[in-house]
Amino acid sequence: MECEICGSAEAEYLIQVEGAKLRVCRDCSDTGRLLAGPPPKPQKAGVKQDGSLAEGRQELEVVEGYGSIISSARKKMGLPLEVLAERINEKASFLERVEHEKTLPDEKLCRKLEKELHIRLLEPAVSSGTAESKKSAGGVTLGDIIEIEKKKPAKGG
Ligand SMILES: [Zn+2]
């Protein structure tokens, strides 16, 4: 449908001018009182809208008990810490900290360990909505662990 004022552009707005309702284009929409804007565009399935979903990348977090998963898988394969560290181009001391869960491995390191030890260290993070409730339920997200690392609670444990 074309604009009832200029007749050239597509009429997306409904306005009222001196008692008459007119379907007008955007340019003409400020001629009278705006009654309705353009209808929402139908969403095509499979097409991502720009915005929150535009990243197209699933957030991942390190699984609980990653340290024991790594160390038990490593021991099962009979790999000394130093050998595994060398294989993935990391320092043995760093790997040891990871196994003791003193350091949270980043995604890159997790990938290397997963490949090397045939284990699973990364899991899709829950959506932000449930992350809040998970937090209060005692669950710890990757971000939380980093926060804890920074803060280092005073009480001994
Ligand atoms: Zn117009």
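The values are calculated or read from the model by the stated rules, or taken from the named source; none is laboratory data. Since this is a predicted model, take the numbers as computed values, not measurements. Here Cβ is always computed from backbone atoms with ideal geometry, including for glycine, and neighbour counts include all displayed protein chains.
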Notebook entry, point to check: in contact with a Leu (Cβ under 9 Å, 6 or more places away or on another chain) and at pLDDT 95 or above: does that describe Ile146?
Noted result: no
Check: Quick one: how many residues across the stretch 1-35 are more than 9 Å from the ligand (Cβ to nearest atom) and among the polar types (S, T, N, Q)?
Finding: 1
Next item on the list: Report, ordered by the first and then the second residue, all pairs with beta carbons closer than 7 Å, sequence separation of six or more or different chains, a first member in the stretch 85-103 that is within 15 Å of Gly67 (Cβ to Cβ) and touching a residue at least 12 places away in the same chain (Cβ under 8 Å), and a second member that is among the small types (Gly, Ala, Ser) and in a helix (DSSP H, G or I).
Entry: Leu95/Ala85; Val98/Gly67; Glu99/Gly67; Glu99/Ser71; His100/Gly67; Glu101/Gly67
Checklist line | Yes/no for Leu60 being buried (at least 16 other Cβ atoms within 10 Å of the Cβ) and within 16 Å of Leu121 (Cβ to Cβ) | finding: no
